[in-house]
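The values are calculated or read from the model by the stated rules, or taken from the named source; none is laboratory data. What you see is a predicted model; the values in this text were computed from it and never measured. As a convention, Cβ positions derive from the backbone with ideal geometry for all residues, glycine included, and neighbour counts pool all protein chains shown. Ligands, DNA and RNA are excluded from the accessible area calculation, which covers all protein heavy atoms including side chains. Shrake-Rupley method; radii C 1.70, N 1.55, O 1.52, S 1.80 Å.
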Amino acid sequence: MASPSEQTTCETMNSPMPTDYMFVMKCSEGENFLQGNLTPFGNIELSPSAAILNFGQGIFEGLKAYRREEGRITLFRPEQNAIRMKMGAERMCMPSPSTEQFVDAVKQTVLANKRWGDTSINVIVEEKLRQAIPNGAGGVKAITNYAPVFRAVTQAKTKGFSDVLFLDAKTGRNVEELSSCNIFIVKGNVISTPATLGTILPGVTRKSIIDIALDSGYQVQECVIPVEDLMDADEVFCTGTAVVVNTVGSITYQGKRVEYKTGVESVSRKLYATLTGIQMGRIEDKMGWTVEVD
């Protein structure tokens, strides 16, 4: 689960906040996961030969619980995280819990830790390093996808940038995603985002924003986006579990800095208001996305 604290950038090297309890579920080779149980938060024991240590065979999911104004606690589309974990596990040759097991574990963990629950960014385009390759595991929430971004992000921050935008490995000309966020560009009434063709993580927030944008009357296209289109956009924003929807104030590419529309009248702020309104119960959830915990 994500830390209760909000993040305003696509941070990849944040320090997690320990809570009171964690949920442990075990699985033997060739068998299904057993029913798990809550246990006090603490260290776990691993064999030195564990594949996650030697070969990076690991996946993870992150989602938030929302405490509404009336006090109820809800989750936002947890079954989508469960489905993505199952897809990732298959790609990494790992077992995975069922959707029901996953959602139940999250509910129990949230309830056990419920006492814990309650800005625009400047980006530089990375021209040398790549985050994912075709036919690789870029579309999977695997631990191996996050370590490669550290060098680029660290270099960017020393230059005063908030995050890095990666281009495709095949041509080096097309927009893919930020270090841990999906990206959208706005031109007139059209909202575009790179298609998830194996190198880009299919974010749950990304998917939700597409549906909200369509319902709000925008044209949405999932397509190849040349970096030149990015530099000609009216507005740019990113989405992710931690960042939710965040406005990109500027992008720098080959020494040229382009600034974009921000503020309360921007498309990203309107989409953010709708999404968080649904998550927090201020707007009716006509999509059936929220799940009550208690």
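Observations on the structure shown:
- The count of lysine pairs in segment 137-198 with alpha-carbon distances below 28 Å, taking only pairs 8 or more places apart or on different chains, stands at 5.
- 1.4 Å probe accessible area per residue over the chain, in Å²: 51 Å²
- In segment 190-281, GluC sites (Glu not before Pro) in a DSSP loop with at most 14 other beta-carbon atoms within 10 Å: 265
- Bridging of residue 286 to lysines at a Cα separation below 25 Å is possible for 64, 107, 207, 270, once same-chain residues fewer than 8 apart are set aside.
- Gyration tensor verdict on segment 174-294 (Cα atoms; rounded if a/c is under 1.5, prolate if a/b is larger than b/c, oblate otherwise): prolate
- Per-peptide average of other Cβ atoms within 10 Å, ordering 199-208, 88-97 highest first: 199-208, 88-97
- Summary of packing: across the peptides 141-153, 40-52, the per-residue average of other C-beta atoms within 10 Å ranks them, highest first, as 141-153, 40-52.
- Pairs of Cα atoms farther than 26 Å apart, the chain, %: 46 percent
- Counting protein heavy atoms only, segment 123-280 has 51 percent of its accessible area on carbon and sulfur, 1.4 angstrom probe.
- Kirkwood Rh, Cα atoms: Rg over Rh of segment 210-279: 0.98
- Taking amide H positions as modeled 1.01 Å from N, with prolines and chain starts lacking one, the residues under 5 Å from residue 182 and 5 or more places away or on another chain are 239.
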